[in-house]
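We did not get these values from a lab; they are worked out from the coordinates using the rules stated. Computed from a predicted model, the values in this text were never measured in an experiment. Glycine gets a Cβ as well: all are built from the backbone with ideal geometry, and neighbour counts include every protein chain shown.
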Amino acid sequence: MRDNTEQKQAEAALIKEKEEVEKRTHQLQIYINELEAFAYSVSHDLRTPLRSIDGFSQMLFEHYNDKLDDEGKSYLQRVRSASQRMAELIDDLINLSRVTRSEMHYETVDLSALARTITMELQQSQPERDVEFTIAPGLVAKGDAHLLRVALKNLLDNAWKFSRKQASAGIKFGYAETNGQPAYFVRDNGVGFDMAYANKLFGAFQRLHAPDEFEGSGIGLATVQRIIHRHGGKIWAESAVGQGATFYFTL
């Protein structure tokens, strides 16, 4: 009788604890949604004044160019560059928010076909570059086609960008087993990075290279991670300085 009573008390305690965890999880999700909605709203509202700053700066440069000395022209160009840079950051922040907020539609997605389309676009953007693409055939996954394209494009864009200093660059998209776990991967033979800073890779606005060396806002990998997490997967990277990088992800 005593054992039965203790068992019921333990079960009741577990149920209560589970309900408390679910309640806190629900509240946390509400806070996250509100924060993302706020970030989206603020970012969207900042676009208009930035366009005005850039637009009027351009008008000053075009119509009052002869009245400005070299120093004045330099200052004005800095204003334009800064406003354009901020506009790019805002666009990236809005896109990051959309990735989290958008409704998902699951279907069978041909990742190999997506990769071929994206790499073709990259080659057309800089036809003078010598880059060898290797795309494994027949790679498919269940997921949201739009979001998976965004994720794959960000990964391939990064591989393209960080391998541009190579006389003969190589970029691969495939499927392999790593540490006993099957995963998709994007690999390049570019500049790579120090694994000591790997924990910063997927943070928003985190950069491992100087802006004057490689352009970008530092939002791309944060976007990729959110997409992969929304699909119930995970993403990680392996690299060494000067030896390229490989990004693995599961879905």
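Just a few scattered comments:
- The GNM of the chain, with springs linking C-alpha atoms under 10 angstrom apart, assigns the highest mean-square fluctuation among Asn154, Asn179, Asn189 to Asn179.
- For Lys200, the lysines whose Cα comes closer than 28 Å to its Cα, not counting residues fewer than 8 places off in the same chain, are Lys153, Lys161, Lys165, Lys172, Lys234.
- Lys/Arg +1, Asp/Glu -1 at C-beta; region 106-249 dipole; positive extreme among Gly174, Met195, Phe249: Phe249
- Extension gain, Asp70 to Gln7, is 14.3 nm, computed as 0.36 nm per intervening residue step minus the present C-alpha separation.
- Packing, as the average of other Cβ atoms within 10 Å across residues, places the peptides 82-88, 70-76, 147-153, 242-248 in the order 147-153, 242-248, 82-88, 70-76, highest first.
- Here the scattering of region 115-177 is modelled by Debye summation over its C-alpha atoms, one equal scatterer each and no solvent; at q = 0.25, 0.30 Å⁻¹ the log10 of I(q)/I(0) is -1.18, -1.49.
- Set of lysines with alpha-carbon distance to Lys8 below 20 Å, sequence-local pairs under 8 removed: Lys16, Lys18
- For q = 0.14, 0.20, 0.21 Å⁻¹, Debye-computed log10 I/I(0) when each Cα of region 126-251 counts as one equal scatterer: -0.59, -1.26, -1.39
- Restricting region 122-215 to GluC sites (Glu not before Pro) that sit in a DSSP loop and have at most 10 other Cβ atoms within 10 Å of their own Cβ leaves Glu128, Glu213, Glu215.
- Debye intensity ratio I(q)/I(0), log10, the chain, q values 0.11, 0.13, 0.14 Å⁻¹ (C-alpha model): -0.76, -0.97, -1.06
- Per residue, the average separation of C-alpha pairs within less than 8 Å and at least 6 apart gives region 106-249 a relative contact order of 23 percent.
- Taken along the Cα-to-beta-carbon direction at a fixed 7 Å, the label points for Thr134 and Ser102 span 3.1 nm.
- Helix-only [θ]222 nm of the chain, DSSP H runs n ≥ 4, -39500 (n - 2.57) each, per residue, nearest 500: -19500 deg cm²/dmol
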